[in-house]
1. In terms of modelled amide H atoms, which long-range or inter-chain residues lie less than 5 Å from the amide H of residue 148?
2. Of the trypsin sites (Lys or Arg not before Pro) in segment 33-96, which ones lie in a loop per DSSP and count no more than 15 other C-beta atoms within 10 Å?
3. Provide the per-residue ³J(HN,Hα) series for segment 189-202, in order, calculated from phi with Karplus coefficients 6.51, -1.76, 1.60 and θ = phi - 60°, each as a whole number of Hz, with x at glycine and proline positions.
4. When only the heavy atoms of the protein chains count and the probe is 1.4 Å, how do 129, 248 rank by accessible area, highest first?
5. Residue by residue, what Karplus-based ³J(HN,Hα) values in Hz, rounded to whole numbers, does segment 146-157 have, using 6.51, -1.76 and 1.60 with θ = phi - 60° and x for Gly and Pro?
6. Once you sort the root eigenvalues of the Cα gyration tensor of segment 5-74 as a ≥ b ≥ c, which label holds: rounded (a/c under 1.5), prolate (a/b larger than b/c) or oblate (the other case)?
7. Excluding residue 176 itself, what net charge comes from residues whose Cβ is under 9 Å from its Cβ, given Lys and Arg +1 and Asp and Glu -1?
8. Can you pull out the GluC sites (Glu not before Pro) in segment 153-238 that DSSP calls coil and that have at most 10 other Cβ atoms within 10 Å?
Amino acid sequence: MTAETPRPGSRSLLIAGGGLPSLALALALKQAHGPALAVTVIDPAGADPARHRGRAYALAAGGRRMLDRLGVWNRLTDAAEPVTAMVISDSRLADPVRPVFLTFGQEAEDERDDGEPFAHMIEAEPLAEALAQACRGAGVAFTTAGVVRATPEAVAIHAELTTGERLRGDLLVAADGARSRLREAARIGWVGWSYPQVGIVATIGHARPHGGRAVEHFLPAGPFAILPLRDGGPLGHRSSIVWTERAEAADALLSGEPDEVLGEIERRFTLDLGALALERGPSRHPLAFGLARSFCAQRLALLGDAAHVIHPIAGQGLNLGLADAAALAEAMTGALRLGLDPGSPDVLRDYERARRFDSFAMAAATDGLNRLFSNDALPLRLARDLGLGIVDRLPGLKRFFIGEAAAARGSRPRLMRGEAL
């Protein structure tokens, strides 16, 4: 039995991994079905928000609408910073001037019809804390263990834990990361590769306000993004940086004293934010591309990084994971309300149809953008700068890209549209 004992005839869901998409999935289903669905999150770290400390995410409008529908967003208004403008430049590191080729959100014609920002920047720790508190309040059970093995059967799946406990569920969600052991055990293929780059993340204090403006400098080694955070810190204002650097250069750049590391950041930082201070980090993370050949197996569904890993160039990793959670919650809810098996092949096929193409398209787009911009070949530089300039001069095309970034177009799961399951 799961940690929460279901009433006779009720169903149960097991989620292996306690990341942000996992918590959103657990909360959505528990709110929708109450005691009729027992939900257990299995993770050695439990739901400790501190595991996410130092990370920040660009939350698209679709993800914000989902959190609002789940009753979590009102707990985060003091932690989220609206992104009101995006500025894109392309130059070499030593260039004295960084020409701006594309801007979003600064002219009236670029604004969305509903006036909603196309994204918010939010630090991961308060987001995880709000989701975990809401999950506990809704009755989600947490088990601080790992899954050793999963055994699917015709009508259930059994998960053996590191504690020796054995849990039974109608469905097991593998949300155990890019190197998912559950995915490998289910023999689901994986197409992927490592980039010759690392992602460097840090929180930077600065003396002047950012005004909600995000900046992405495309440099030959990779993009250097400056993302606005809520005001605070010793200098009064803060931003998160996501710095893509060649792997062979990263060690030398980060091995110096803090003042030397800050000096390297200052070389890449915009000049109009005044004095800088290194508040947290930097931390380095390997970058990779990966896509599962299938998002499901018998009684098993992949979620988040277990299903797809993308380059951070567009800041869409969390948004893809939340869309997975919304789509899986919708597919399971459709079955549960008809009294059907929520772990059946039909439900899993619906989930895969809803998510596979979108995940492939985003993975391919971010891979292509990284290859296009992370180089110094003159013909490519001329072509991409011309393309950026054309987009900047076509308001309709700019609105299209804003809609895509905000998850406002296409067939989105109900929760991403702000609708109830």
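1. 160, 161, 162
2. The qualifying sites are 53, 92.
3. For segment 189-202, the Karplus-derived couplings read x, 9, 9, x, 7, 8, 7, x, 9, 10, x, 10, 10, 7 Hz, x marking Gly and Pro.
4. Reading off the accessible areas and sorting them downward yields 248, 129.
5. Computed from phi, the couplings for segment 146-157 are x, 8, 7, 7, 10, 10, x, 10, 4, 10, 6, 10 Hz.
6. Oblate.
7. Around residue 176, the surrounding residues sum to +1.
8. Listed in order of number, the matching sites are 153.
The values are calculated or read from the model by the stated rules, or taken from the named source; none is laboratory data. All values derive from a computational prediction rather than experimental measurement. Every residue, glycine as well, gets a Cβ built from its backbone with ideal geometry; the counts of neighbours run over all protein chains shown. Protein only, heavy atoms only, side chains kept; ligands, DNA and RNA dropped before computing areas. Shrake-Rupley method; radii C 1.70, N 1.55, O 1.52, S 1.80 Å.
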